[in-house]
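The values are calculated or read from the model by the stated rules, or taken from the named source; none is laboratory data. Since the structure is predicted, the reported quantities are computational estimates derived from the model, not experimental observations. Heads up, the Cβs are rebuilt from the backbone with ideal geometry, glycines too, and the neighbour counts pull from every protein chain shown.
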């Protein structure tokens, strides 16, 4: 680590085990820590869903962890910033049929954006959090060299995908104490430190929703508009939905159609139609070529080689080998055409694609659309039905026949 020792560190705490352990490890190492809890909860409209505010438990646990070692805790209110920079963007993206990633935006625009701006006058050496990732800073003698974002030791928990759109200026101010620790080690350390939240479950789902179901959030802020579900291959009318914005390409859960599994394969935004298929993984449906815009390289510089990289198209331990070909779009913006080494289950426009060179995350961009076959092939009958103005003429949905199992001959 460059810089003086001990360090003056601003530690983001959420009330969970990971951020609590990050705080305690820094404190145990002798650094001067101040904890910060970000209040970004904007869903006062949902207060009738529970008897208490959804963030109160989180703040209670964060305070209990800080009180154990007399670390000061401050609450920073970023509600307006969160609405303006994250939530409003998410709503507009869903209205356009895309699938944004709020966790990536939360890191770039709020946790390591608006929060860093809010404490800029406090002269902290670094900002720390409980993310599973590693940042390698240049030595004191080479401070002009870029800081590097690397995969964490725990490949399942690794969160570099969510951090892949940060700027070099943001990286230089960050440290992640859990980057060299496995999740099960964090749990064991939490017990040895006797943390008040040592047995607390990890939070799941979108960062700002808390206990609210995603469908409830979408219904409240975008509304509902009944449309139809059509089978892509034959145009059969299978049922109704509440609005195309509730669905994403590759989605399997929540369709409530018998005889599955069914997958969302395309969405007709203009006519509010969702196309589904049971043949999503058939070998002739290539899903390995797509375009990426809004590119950001963590070093601040274009990567030296783009032909032997790895790519993540969602959070998780899985990678594809990939190559990039750079183009300029009609607006003069740099766009990457990405070719994966294998077919993906669902390349959703609006999601992020993160790029890696070995264990180093080099940057990311937003998926624009899939190019293979110009999307999933929809039969002409289905396209004609989608264009019908009066869809009540369709009558009742067809009775779905159970898909026959393939017979296997044994020798």
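Here is a yes/no grid of residues against (1) touching a residue at least 12 places away in the same chain (Cβ under 8 Å); (2) surrounded by fewer than 22 Cβ atoms within 10 Å (Cβ to Cβ):
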| residue | (1), (2) |
| --- | --- |
| 165 | yes, no |
| 168 | yes, yes |
| 191 | no, yes |
| 198 | yes, yes |
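Taken over the stretch 218-250, residues that are assigned to a helix (DSSP H, G or I), without any contact (Cβ under 8 Å) to a residue 60 or more places away in the chain and over 14 Å from residue 96 (Cα atoms) amount to 1. Exactly one residue out of 97, 113 is in contact with a helix residue (DSSP H, G or I) (Cβ under 9 Å, 6 or more places away or on another chain), on the phi > 0 side of the Ramachandran plot and in the same structural domain as residue 39 (by TED's automatic domain parsing): that is 97. For the stretch 99-112, the count of residues that are loosely packed, with under 15 Cβ neighbours inside 10 Å and not in a loop (DSSP other than H, G, I, E, B) is zero. Of all residues in the stretch 49-85, those being surrounded by fewer than 13 Cβ atoms within 10 Å (Cβ to Cβ), assigned to a helix (DSSP H, G or I) and modelled with pLDDT of 95 or more number 1. Every condition in (1) in contact with a helix residue (DSSP H, G or I) (Cβ under 9 Å, 6 or more places away or on another chain); (2) closer than 18 Å to residue 150 by Cβ; (3) assigned to a strand (DSSP E or B) holds for residue 310 except the one numbered (1). Looking at this structure, is residue 350 surrounded by 17 or more Cβ atoms within 10 Å (Cβ to Cβ), in contact with a helix residue (DSSP H, G or I) (Cβ under 8 Å, 6 or more places away or on another chain) and on the phi > 0 side of the Ramachandran plot? Considered against the rule, which asks whether it is surrounded by 17 or more Cβ atoms within 10 Å (Cβ to Cβ), in contact with a helix residue (DSSP H, G or I) (Cβ under 8 Å, 6 or more places away or on another chain) and on the phi > 0 side of the Ramachandran plot, residue 350 comes out as yes. Restricting attention to the stretch 200-232, the residues being modelled with pLDDT of 90 or more and surrounded by 18 or more Cβ atoms within 10 Å (Cβ to Cβ) number 6. Is there a residue in the stretch 121-130 that is part of a helix (DSSP H, G or I) and surrounded by fewer than 20 Cβ atoms within 10 Å (Cβ to Cβ)? The answer is yes, given that some residue of the stretch 121-130 is part of a helix (DSSP H, G or I) and surrounded by fewer than 20 Cβ atoms within 10 Å (Cβ to Cβ). Among the conditions (1) modelled with pLDDT of 85 or more; (2) buried (at least 17 other Cβ atoms within 10 Å of the Cβ); (3) over 18 Å from the mean Cα position of the chain (by Cα), the only one that residue 312 does not satisfy is (3).
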